[in-house]
Amino acid sequence: MTDPEAKQLADCVRDCSFQLHSFLKWGHLEKVYENGLAHRLEKAGVTVERQLRIPVLDEDGTTLGDYIADLMLEQEMILEIKACESLVPVHTAQVLGYLRATGIRHGMLVNFGAPTIQFKKLVL
């Protein structure tokens, strides 16, 4: 994915997220926002995979466990949804772990759990 394509996809995520947050406001469970955002992104023509299982491997290839990313967009961007008071460094670390495990370059955090929606775009 080129940087202009990633920017365009991130802009679409922001637009759909902002519209969803304006409609639902804050205070719902994370799953409600995940479903709503996936629905709105699909309506906007974005290919969305939900609850993507990502294996975490040891250096010898042994599977140590799995991450489960909320949404994968266009097989090029991992999107992690939060419904908490504020984004914290562990949320960033979570998405960076997903990016390292998959080799995907682009990720985003979206927090619906505050009166003002929060976004964080990450590039590995």
Alpha-carbon centroid distance for the pair the stretch 48-65 / the stretch 93-110, whole angstrom: 12
Cα axis of helix 3-24 to longest principal axis of the chain: angle in degrees, 0 to 90, nearest 10? 50
Can you give me the angle between helix 89-102 and the longest principal axis of the chain, using Cα atoms only, in degrees from 0 to 90, rounded to the nearest 10? 50
Two pseudo-spin positions, 7 Å from Cα along C-beta at Thr116 and at Asp58, lie apart in nanometres by 4.6
For the Cα atoms of the chain, what angle does the longest principal axis make with the long axis of helix 30-43, in degrees from 0 to 90, nearest 10? 80
Ranked list, fewest to most other Cβ atoms within 10 Å of each Cβ, for Glu34, Glu42: Glu42, Glu34
Ordering of 100-113, 82-95, 54-67 by burial proxy (mean other Cβ atoms within 10 Å per residue, highest first): 100-113, 82-95, 54-67
For a footprinting-style exposure proxy, rank Ser17, Ser22 by other Cβ within 10 Å, fewest first. Ser22, Ser17
Helix-only estimate, please: 222 nm mean residue ellipticity of the chain, summing -39500 (n - 2.57) across DSSP H runs of length 4 or more and dividing by its residues, to the nearest 500. -13500 deg cm²/dmol
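Antiparallel as a % of all DSSP beta bridges within the stretch 3-123, to the nearest 5?
Antiparallel bridges make up about 75 percent of those DSSP assigns within the stretch 3-123.
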Can you pull the one-decimal nm distance between simple spin-label points at Phe18 and Glu76, each 7 Å off the Cα toward Cβ? 2.2
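Quick note: the coordinates plus some simple rules give every number you see, no bench work behind them. As the structure is a computational prediction, the values presented were derived from the model and not from experiment. For neighbour counting, all protein chains shown are included, and Cβ atoms are generated from backbone atoms with ideal geometry for every residue, glycine included.
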